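Asker: Sending over a structure as structure tokens; questions will come in a sec.
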Amino acid sequence: MDDYEMYISNGDKLMDKEKYMDAIREYSEAYKTIPPGSEKAELCYKLSQAYLALDHKNIENPVKYAMEALKEHEKTGETELKVLDLMNLGFIYLDSNIDEAIKYIDEAYKIAEEINDVQLKAMALNAKAEATRNPDEALNIYKNVMEISDKSMDWDNYFEAALGEINILRNKDINAAMDAAYKAMDKIDKILETIKTKKDKTEFKKSLSYIYDSASDMAMELENFDEAMKIAERAKS
């Protein structure tokens, strides 16, 4: 193992423990000796994430390393990873400059469309929906994501969009949001029918616990405590 690999491994462990400053120190040591290429791009991405986690209001370093990751992937010709770099930049700007965030997300979507990568298109659209100021526009984007993700069986993006739809509707009409949550839970049940092993079923359902949590929270907000209990049981069964 090269020295920079040891520093990266140490940094990863510290990130898992949310010790962001210590992780930055380890990653920075790796940065001194790591050669150009894919590994350096990945390290730059990790540095951007560590700095952002340390202080999400100070985006100078997150942007610096995210841009460097982008440049490295441009050199290596890894177009799919370039799309992810652009989305990373979009998310970094999300709290400070919406217009800049949307610019990078739109660029990511354009490239994903050019290479016809359905999953990356859905990811970019989910990011665009999160960034947009217009709730109705965001709802339309989420519905589009759910449609294309359903066809491609891209369940990560499908249910991320489903949660986005639920959250927007919750601010407008909580009963409509509950309907959307039930629809999402019914969709989970249908997908579970296609999964063969009990272990895979359990892991899939666990990965979508946020859908059940959202539905249960809304039932509690509506003071429908019996329904909240039923949803909690549905999540476990």
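Asker: What's the ranking of 70-78, 104-112, 216-224 by average number of surrounding C-beta atoms within 10 Å, highest first?
Answerer: By packing density, highest mean first, the sequence is 104-112, 70-78, 216-224.
Asker: Express the relative contact order of the chain as a whole percentage, based on alpha carbon pairs under 8 Å and six or more residues apart in sequence.
Answerer: Details: 281 pairs, mean separation 20.9, N = 237.
It comes to 9 percent, rounded to a whole number.
Asker: Still on this model: Which entries of 172/236; 71/206; 103/201; 143/230; 46/128; 40/121 have Cα-Cα distances beyond 31 Å here?
Answerer: Details: 172/236 29 Å; 71/206 37 Å; 103/201 39 Å; 143/230 27 Å; 46/128 22 Å; 40/121 25 Å.
Violating the 31 Å limit, Cα to Cα: 71/206; 103/201.
Asker: Here's another thing I want to ask about it. Compute the angle between helix 209-221 and the longest alpha-carbon principal axis of the chain, please, reported from 0 to 90 degrees and rounded to the nearest 10.
Answerer: Roughly 50 degrees between the two axes.
Asker: For the stretch 172-230, which trypsin sites (Lys or Arg not before Pro) are both in a DSSP coil and crowded by at most 10 other Cβ atoms within 10 Å?
Answerer: Answer in residue order: 196.
Asker: Counting other C-beta atoms within 10 Å, which of 178, 229 has the fewest, and how do the rest follow?
Answerer: Numbers: 178 22, 229 13.
Listed from fewest to most nearby Cβ atoms, that is 229, 178.
Asker: Roughly how many nanometres apart are two label points built 7 Å out from the Cα toward the Cβ at residue 74 and residue 115?
Answerer: Label at residue 74, label at residue 115, 1.5 nm between them.
Asker: Where does helix 98-114 land angle-wise versus the long Cα axis of the chain, in degrees 0 to 90, nearest 10?
Answerer: 90
Asker: If you don't mind, there's one more thing I want to ask. Please arrange 234, 170 by how many other C-beta atoms lie within 10 Å of their C-beta, fewest to most. Intermediate values should be presented prior to the final figure.
Answerer: On the way: 234 16, 170 19.
With the fewest neighbours first, 234, 170 line up as 234, 170.
Asker: Excluding residue 109 itself, what net charge comes from residues whose Cβ is under 9 Å from its Cβ, given Lys and Arg +1 and Asp and Glu -1?
Answerer: Net charge around residue 109: 0.
Asker: Which order do the peptides 131-139, 6-14, 87-95 take when ranked by the mean count of other beta-carbon atoms within 10 Å per residue, highest first?
Answerer: Values: 131-139: 15.0, 6-14: 17.4, 87-95: 21.9.
Per-residue mean Cβ counts within 10 Å order the peptides as 87-95, 6-14, 131-139.
Asker: At 0.36 nm per residue, and after removing the present C-alpha to C-alpha distance, how many nm does the segment from residue 28 to residue 182 gain when stretched out fully?
Answerer: Extra length available between residue 28 and residue 182 comes to 50.8 nm.
Asker: Separate question: Less than 13 Å Cβ to Cβ from residue 152, Lys/Arg counted +1 and Asp/Glu -1: what total charge do the surrounding residues give? If you can, show how the numbers build up before the last one.
Answerer: Values: positive: 121, 151; negative: 117, 147, 150, 154, 156.
Neighbourhood net charge equals -3.
Asker: Give, as a single signed number, the net charge of other residues whose beta carbon lies under 15 Å from the beta carbon of residue 5, with Lys and Arg counted +1 and Asp and Glu -1.
Answerer: -3
Asker: Let me ask another. Relative to the first principal axis of the alpha-carbon coordinates of the chain, what is the inclination of helix 225-236, with its axis defined by its Cα atoms, in degrees from 0 to 90 and to the nearest 10?
Answerer: For 225-236 against the chain, the angle is about 50 degrees.
Read-outs throughout are calculated quantities, based only on the coordinates presented, and are distinct from any laboratory measurement. Quick caveat: nothing in here was measured; it's all calculated off a predicted structure. Virtual Cβ from ideal backbone geometry, glycine too; neighbours counted across all protein chains shown.
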